[in-house]
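One structure is given here, and the rest of the page talks about it.
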Amino acid sequence: MKQKVLKTTLFIVLCLAGVVTVLPFVWMVLSSFKTNGEIESLEQSLIPLAPTLDNYLNLQSNFDFLRYFANSILIAVLVTVIVVYTSCICGYVLGKYQFKGKNLIFGIVMMTMMVPWSVTIIPRYTMFVKAGLLDSYLSLILPVMFSGFGIFMMKQNMEGIPDELIEAARLDGANEFQIFHQLVFPLCKNGISAIAIFQFLWVWEDYLWPYLMMDSENKQLLAVGLTLFNGRYSTDYGGLFAATAISILPVIIVYVIFQKRFIAGVAAGAVKG
């Protein structure tokens, strides 16, 4: 009886937490169908009183949304692919190879996860400016090619792969390149999905670094471009909500598609296999 009460209480708490979390998103989406006058009105309602599609229809004419969206998709996908690949390689080496200094290297990787990102902004910015990479997409890609979190996750996943399977492949004449790409890589789909979702989300919503490094308006990413809705004297809230609602769609789509693998990957990375 006591356990049943605890489960019911936990369920109610989680439901309330879910409602509190989702409500601002629902309010934003519904507000994207309101006029600015209704959004700024003192009397607010969740459901639009006079629904309109003008905020979506006028989005491209008032704001180069498609270019910013395409730029963000390009960088997010490219960085995600690179990070997944480098994380898998590093995780495989640290998880399956035995060599001197292995624990030290893994310890350094773990230490990088403890350094606040904000601490490295100024030296990183100075370094890239001196390298002539200001206003270049390389400045957005190079700093995040390796992920301490991704390496940690994949090392844990790699340790769950039986050593006998790899040894059998070697006895069959497969080289290390073939073993990694044809045997090990396909067995880590769950971990790869988890890293891909996390990395895509981090790159997609990153604001400060693209804001500092990209000067050309046609190269800017969507997270920074959304600030253009904030005028000097007023803000186009309807257009901002419409653009933000569309910008969230890629993340939701990626998560829905890889949801099961994402949960399995996080669980596999939390403990040794």
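List of remarks:
- Å³ per residue enclosed by the Cα convex hull of segment 105-167: 123 Å³
- Packing-based ranking of 165-174, 178-187, 214-223, 9-18 yields 214-223, 178-187, 165-174, 9-18, ordered from highest to lowest mean Cβ neighbour count within 10 Å.
- Computed from Cα positions, the angle between helix 259-270 and the longest principal axis of the chain comes to roughly 50 degrees.
- GluC sites (Glu not before Pro) within segment 33-78: DSSP coil, no more than 13 neighbouring Cβ in 10 Å: Glu40, Glu43
- Angle in degrees between helix 237-257 and the longest Cα principal axis of the chain, rounded to the nearest 10: 30 degrees
- Per-residue 3J(HN,Hα) values for segment 44-51, derived from phi via the Karplus relation 6.51 cos²θ - 1.76 cosθ + 1.60 with θ = phi - 60°, read 9, 9, 5, 8, x, 6, 9, x Hz in sequence order (x marks Gly and Pro).
- Here the sum of -39500 (n - 2.57) over DSSP H runs of 4 or more residues, divided by the residues of the chain, equals -20500 deg cm²/dmol at 222 nm, to the nearest 500.
- Within a Gaussian network of the chain (alpha carbon springs, distance under 10 Å), most fluctuating of Val129, Val77, Val224: Val129
- In this label model, Ile252 and Leu42 are separated by 3.4 nm, measuring between points 7 Å along each Cα→Cβ vector.
- Pair Val81, Glu159: separation of 7 Å Cα→Cβ label points (nm): 3.2 nm
- Computed from Cα atoms, the angle from the helix 102-112 axis to the main principal axis of the chain rounds to 10 degrees.
- Largest mean-square fluctuation among Thr244, Thr80, Thr120, in a Gaussian network model of the chain whose springs join Cα atoms under 10 Å apart, belongs to Thr120.
- Net lengthening on full extension, Met110/Glu217 (0.36 nm per residue, minus Cα-Cα): 34.9 nm
- Looking at segment 72-131, the trypsin sites (Lys or Arg not before Pro) that sit in a DSSP loop and have at most 16 other Cβ atoms within 10 Å of their own Cβ are Lys100.
- Take every pair of alpha-carbon atoms less than 8 Å apart whose residues are at least six positions apart; their mean separation over the length of the chain yields a relative contact order of 31 percent.
- Spin-label pair Gln182/Gln60, simplified geometry with 7 Å Cα→Cβ offset, distance in nm: 4.6 nm
- When the alpha carbon gyration tensor of segment 61-270 is reduced to an equivalent ellipsoid, the three semi-axes, largest first, read 37, 20, 14 Å.
- Selected from Val251, Val19, Val93 as most flexible by GNM, with the chain as the system and alpha-carbon contacts under 10 Å: Val19
Here, each number is a calculation from the coordinates, and none is a lab measurement. Since the model is a prediction, treat every value here as computed from it, not as a measurement. Positions of Cβ are generated from backbone atoms using ideal geometry, with glycine treated the same way; all protein chains shown enter the neighbour counts.
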